[in-house]
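Okay, structure first, notes after.
The values are calculated or read from the model by the stated rules, or taken from the named source; none is laboratory data. Treat the numbers as computed from the prediction; the structure is a model and nothing was measured. Backbone-built Cβ (ideal geometry, glycine too); neighbour counts: all protein chains shown.
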Amino acid sequence: MQRMPKILSACLMVCLSLPGWAEGGAGGAKGAKSPSIKLPGAAFVALETINPEHIRWHVRYLSHDLLEGRGTGQRGGDIAAEYIATQFAEYGLKPAGDHGTYMQKVPLVGITTLPETQFSLVPKRGETMNLKPLDEYVAFDQTQQAQSDVDADIVFVGFGIEAPEYGWDDYKGLDVRGKVLLMLVNEPTSEDPKFFKGKALTYYGRWTYKYEEAARKGAVGVLLVHQTQMASYPWEVVRNSNSGEKSALKVEGPALKVASWVHLDVATRLALASGMNLEKMLQDAQSREFRPVSLGAKLKAHMVSKVRNFESNNVVAILPGSDRKSADEAVMYTAHYDHFGIRPDMPGDNIFNGAEDNATGCGILLEVARAFGTAAQHPRRSILFAAVTAEEQGLLGSEYLGKHPPIPAGKITLDLNYDDVKPLGAPEEVEVSGAERTDFYPSVQATAKEFRLAIRPDARPEAGHFYRSDHFSMARVGIPSFSINEGMKYKGHSEGWGLDQEREYVEKHYHQPSDEYHPEMDFVGDSAMARFGFALGWEAASLPKLIGWQRGDEFEAVRAKSQ
């Protein structure tokens, strides 16, 4: 690894002792001993230029009402993509999209469930339950047809999981072709890290897996029971995330006619009308001995959808590596730029500005890109930057990027992702959930120590954050990947204060129009995460070997096949 000249080293040691380092990166006290990160002088100089106000400017613009909530396939989303591409060009980064441009076209299908849709539960006894959209259920037709009809028996399949590695099978060989499956989000509760990874949610707990597995088995529909504790977010998030147009990649293979969530009250009433008790059903589902149960009820649905074929864009740029032998390999940085756009049917403020989610991640991505682009020298490997679309629609942009990367996935050594980084001041902790699954983790630990950042375990492992952001799409094609974010402890505040901020955001602002930019936001923490990620990326780009997953990790086999 290249070392800096002694004179430059001494100069930088003075620079790193200035308050700017503490306020913008480590969160330490003024005059504290400066870090000794093993980076070349040019990298240190570039790192020192990372500025919280630069990130503020990007967040302010990207979350402005003029961008109309950056909806996928909508005018505001396209403006955001053009803005990001322009910034990449200004920083001297080369296009890495289609046909020598910064844009990678992502073919999508927009599906809007129309008011003509009828959605009824017909229990074994009692009156038919004609459900009210958004208040009692949300549903989409994944077959991407204008109309679909369902008149099918409802079967309760517990968590809807078949996981042989954990000795778990909720289906027990039942033929569910043509059925509608009532199931729970999340997965069996456990303290044992060897059983569904204990408290940490695995992909089996995600709603996307539930739909995928049900479709593979031939079911025509899924009714997911919403519980705030199990889903880790309130019904308002489900409603807002599933109203208006829903985007998808063009369907390949089996798909559900009805992919839906139902309110807990609805599931309770359905169980009661079927002669069952929902609480007991939830308890029974926690056992390996659970067997599917027919409710003797039916779902009758007439799905009417507006189907729109369109394209959105991933914005992709590259900084070529300085070593000819390694320049065909790369470190990647990702962040999604999309949000939910405008909801015309919503009274009052109906612009989903997405300031924290995820203008902050884009602001960090752009500032890291600027620092790399203006550095006096390039790292050995190339550096890719990707602002991806349609994350809020189910990680679609990053899924497409993972399947169509500008550099083969087997040659991308690491993906560092930024998503929803709170502008709350100087952090004393960093969360890198998933980094421990890679052989790069010792470098992550060492870098965190140099930045005086304690590594905080996932504050809410039950929420399954590893499977809920774009780094997961990269992991699925084998690329070692994780997100970088702050912990819960900030300078001048208790841990409880940080937890309160997180709780208030999830309850009142997450996927709501109130996620807006405010001048009093403090982007020091965002710049700290940018500096931390810059240092990690440069380090990863300089290692003699490509990074891999830990032995036995679920993505290890995919990585091996890609290389």
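Looking at this structure, is Ala369 crowded, with 20+ Cβ neighbours inside 10 Å, out of contact with any Ser or Thr (no Cβ under 9 Å at 6 or more places or on another chain) and touching a residue at least 60 places away in the same chain (Cβ under 8 Å)? Answer is yes for this residue. Do we have any residue at all in region 456-470 that's modelled with pLDDT of 95 or more, under 28 Å from Pro405 (Cβ atoms) and under 19 Å from the mean Cα position of the chain (by Cα)? Within region 456-470, one or more residues are modelled with pLDDT of 95 or more, under 28 Å from Pro405 (Cβ atoms) and under 19 Å from the mean Cα position of the chain (by Cα).
Annotation note: Cβ proximity below 8 Å between a residue of region 523-535 that is within 19 Å of Asn358 (Cβ to Cβ) and a residue that is part of a helix (DSSP H, G or I) and of a type in the set (Lys, Arg) (sequence gap 6+ or interchain) occurs for Phe523/Arg56. Is one or more of the residues making up region 95-110 under 28 Å from Arg216 (Cα atoms) and touching a Pro at 6+ places or on another chain (Cβ under 8 Å)? No; the residues of region 95-110 include none that is under 28 Å from Arg216 (Cα atoms) and touching a Pro at 6+ places or on another chain (Cβ under 8 Å).
Pick out the one residue from Leu536, Leu546 that is in a loop (DSSP other than H, G, I, E, B) and among the aliphatic types (A, V, I, L, M).
Details: Leu536 fails: in a loop (DSSP other than H, G, I, E, B).
The unique qualifying residue is Leu546.
What do you reckon, is Lys132 under 30 Å from Lys179 (Cβ atoms), assigned by TED's automatic domain parsing to the domain that holds Lys179 and in contact with a Gly (Cβ under 6 Å, 6 or more places away or on another chain)?
No: the conditions fail for Lys132.
Residues that are of a type in the set (Ser, Thr, Tyr) number at least 1 in the following helices (runs of 4 or more DSSP H) confined to region 37-130: 52-62, 75-90. Taking the criterion of being of a type in the set (D, E, K, R), in contact with a Phe, Trp or Tyr (Cβ under 9 Å, 6 or more places away or on another chain) and not in a helix (DSSP H, G or I), the residues of region 486-518 that qualify are Lys489, Asp515. Candidates are the residues of region 18-69 that are modelled with pLDDT of 75 or more and basic (Lys, Arg); the one that is surrounded by the most Cβ atoms within 10 Å (Cβ to Cβ) is Arg56. Inspect all residues belonging to region 506-514 and state whether any of them is out of contact with any Ser or Thr (no Cβ under 9 Å at 6 or more places or on another chain) and either farther than 20 Å from Asn350 by Cβ or charged (D, E, K, R) (or both). The answer is yes, given that some residue of region 506-514 is out of contact with any Ser or Thr (no Cβ under 9 Å at 6 or more places or on another chain) and either farther than 20 Å from Asn350 by Cβ or charged (D, E, K, R) (or both). Only a single item in (1) surrounded by fewer than 24 Cβ atoms within 10 Å (Cβ to Cβ); (2) farther than 21 Å from Thr86 by Cα; (3) touching a helix residue (DSSP H, G or I) at 6+ places or on another chain (Cβ under 9 Å) is not met by Ile407, and it is number (3). Of all residues in region 328-350, those satisfying the criterion of being crowded, with 24+ Cβ neighbours inside 10 Å and in a strand (DSSP E or B) are Ala330, Val331, Met332, Tyr333, Thr334, Ala335, His336, His339, Gly341. Looking at Ala426, Ala390, just one residue is touching a Leu at 6+ places or on another chain (Cβ under 6 Å) and either in the same structural domain as Gly321 (by TED's automatic domain parsing) or on the phi > 0 side of the Ramachandran plot (or both), and that residue is Ala390.
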